[in-house]
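First up is the structure itself, then whatever we jot down about it.
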Amino acid sequence: MHGFIYDIKTKVYFGSNHLSTLGGELSALGKKVLLCRGGSSVIRSGLYGKIVSEIKSAGLEMFELTDIAPNPRIDSVREGVRICKENGVEVVLAVGGGSVLDCAKFVCAGALCDFDPWKFMSEGAPVKRALPLITVLTLSATGSEMNPTGVISNPKTTEKLGRSAPALRPAVSYLDPENTYTVSKYQTACGSADILSHIFEVYFQREPGMYMIDCFMEGLMKTVIKYAPIALSEPENYEARANLMWASSWAINGFISAPAGGAWSCHPMEHELSAFYDVTHGLGLAILTPRWMKYCLSEETLPRYVQFGVNVFGIDSSLPKSVIAELSIKKVSEFLYDTLGLDDSFTKIGIGRENFKAMAKKACEGGVINGFRPLAQEDIEKIYEMCL
Ligand code: NZQ
Ligand code: ZN
């Protein structure tokens with residue numbers, strides 16, 4: 001286990017009936033609020049009305065940034081920054097999924113600097129300060145509600161880039177599983193694939209001595225495997241939505257990744273899919289993950305697949321190790337494609353090999369992704385080929 005600093009400042013209100021505290025939490029941070037949202041899902045669900053009424057009864061002044069798209073664009077960030085600067089906004093409230101939260105994070109940072117916010121992504125400009133952020137999560141997937149990361153797309157440069165900084169971590173997050181009852185089957189499946197991938201990126205590494213974190217990760221994976229199908233068939237099952245929601249936060253709030261070494265692999269490969277084709281993040285991950293697992297399987301990495309297959313899918317430990325490893329990959333594919341019902345190839349979602357070279361080069365930034373198995377450009381191209 002690596003040494004690490006673990007410092008989570010996000011206060012979480014989990015469960016129903018906490019929204020009456022929102023006015024007080026916002027007031028403690030400022031009087032002028034920028035409410036950020038995506039399309040109409042929060043209006044249709046009735047959540048928007050409840051939130052506006054909380055803001056109004058707390059006597060706060062409200063501004064709005066709307067229509068933040070999935071795979072949020074830098075232009076939305078720029079618009080949010082403009083509203084904040086022109087009106088002296090003091091606190092930002094993000095209501096939505098990861099895209100709204102990520103966009104809001106860079107609005108918070110951009111509002112307190114005097115350069116174009118794309119520079120946070122393109123040039124690694126320092127995020128020294130940011131307006132305080134409160135989130136009301138409506139989709140279990142990215143963990144953005146409890147982490148210091150945001151991912152923003154720039155269609156002009158065909159780039160989708162992530163950036164983390166402590167100042168971006170939300171001050172307060174409201175996690176009410178009931179707010180995810182209206183999430184479609186497709187987005188529930190994609191979100192579940194995303195949560196699983198966040199755990200895989202840490203679990204499938206070569207770092208030794210992670211017993212305690214391993215047990216925790218295996219529990220998180222079993223949680224997704226148990227509850228995602230229930231949420232698909234019973235969208236208003238509180239227990240299923242609650243378990244998925246809390247798993248999404250803990251899969252990527254630093255708890256499991258802080259002690260682990262090694263770079264993430266599927267995420268950089270997927271972000272290029274989103275950048276070039278505007279693919280839903282979880283779907284791209286679902287297509288890539290089993291192929292990446294296959295590509296990384298070797299004598300050296302075999303024990304990890306065996307541990308995973310036995311502990312997570314209950315595969316018979318007396319089988320030959322190589323059989324367990326193959327079965328583990330098969331189980332992952334079956335879960336993603338049969339149980340969650342996600343498409344299983346690039347071809348099915350209209351992606352050909354035309355951009356593989358450029359995407360692979362960008363995914364490894366011209367070098368090597370030093371993860372479970374080091375991946376250079378040609379390795380990534382091969383994995384993309386396997387996804388066709
Ligand atoms: O725009 P609206 O109308 O709100 O509809 C959204 C959107 O169309 C809908 N939705 C959200 N909550 C809903 C709902 N529909 C019905 N009922 C609800 N309660 O779902 C659609 C997708 O929303 P989005 O926010 O894009 O999904 P997600 O939460 O999966 O976020 C994906 C983005 O987060 C990034 C991804 O790359 C992608 O850009 N990620 C962010 C990370 C982070 N901050 O740490 C890590 C992740 O690995 C990921 O890269
Ligand atoms: Zn992800």
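The values are calculated or read from the model by the stated rules, or taken from the named source; none is laboratory data. Values in this document were obtained by computation on a predicted structure and should not be read as measured data. So basically every Cβ, Gly included, is an ideal-geometry build from the backbone, and we count neighbours across all protein chains shown. Side chains included, ligands, DNA and RNA excluded: accessible areas come from the protein's heavy atoms. Shrake-Rupley method; radii C 1.70, N 1.55, O 1.52, S 1.80 Å.
Assorted remarks:
- Residue within segment 107-124 that is within 26 Å of the chain's Cα centre (by Cα) and within 16 Å of ligand 2 (Cβ to nearest atom) present: no
- Tallying residues that are under 14 Å from the mean Cα position of the chain (by Cα) and either among the charged types (D, E, K, R) or at positive phi (or both) within segment 142-168 yields 4.
- Test: residue in segment 60-67 that is of a type in the set (Asp, Glu), in a loop (DSSP other than H, G, I, E, B) and within 25 Å of the chain's Cα centre (by Cα): yes
- Matching residues in segment 319-341 - criterion: being in contact with an Asp or Glu (Cβ under 8 Å, 6 or more places away or on another chain) and either free of Cβ contacts under 8 Å to residues at least 12 places away in the same chain or of a type in the set (Gly, Ala, Ser) (or both): SER333
- Any hit, segment 67-89, residues being touching a Ser or Thr at 6+ places or on another chain (Cβ under 9 Å), within 12 Å of ligand 1 (Cβ to nearest atom), closer than 20 Å to LYS50 by Cα and open to solvent by 50 Å² or more (accessible area, probe 1.4 Å): yes
- Exclusive hit being closer than 27 Å to PHE255 by Cβ, in contact with a strand residue (DSSP E or B) (Cβ under 7 Å, 6 or more places away or on another chain) and buried (at least 18 other Cβ atoms within 10 Å of the Cβ), set THR10, THR21: THR10
- Sub-8 Å Cβ pairs linking a first residue in segment 47-75 that is without any contact (Cβ under 8 Å) to a residue 24 or more places away in the chain to a second residue that is surrounded by 20 or more Cβ atoms within 10 Å (Cβ to Cβ), at least 6 apart or interchain, are VAL52/LEU35, ordered by first then second residue.
- Of the helices (runs of 4 or more DSSP H) contained entirely in segment 98-215, those carrying at least 3 residues that are touching a residue at least 12 places away in the same chain (Cβ under 8 Å) and out of contact with any strand residue (DSSP E or B) (no Cβ under 7 Å at 6 or more places or on another chain) fall at 98-110, 185-203.
- Here is the figure for segment 336-348: residues that are open to solvent by 50 Å² or more (accessible area, probe 1.4 Å) and among the hydrophobic types (A, V, I, L, M, F, W, C) total 0.
- With respect to the conditions (1) surrounded by fewer than 18 Cβ atoms within 10 Å (Cβ to Cβ); (2) not in a helix (DSSP H, G or I), LEU34 lacks only one, and its number is (1).
- Counting only helices (runs of 4 or more DSSP H) that sit completely within segment 238-299, those holding 3 or more residues that are of a type in the set (Gly, Ala, Ser) correspond to 238-251, 281-296.
- Pairs, first open to solvent by less than 20 Å² (accessible area, probe 1.4 Å) in segment 269-290, second among the acidic types (Asp, Glu) and assigned to a helix (DSSP H, G or I), C-beta under 8 Å, six or more apart: VAL279/GLU270; GLY282/ASP194; GLY284/GLU270; LEU285/ASP194; LEU285/GLU270; LEU288/GLU270
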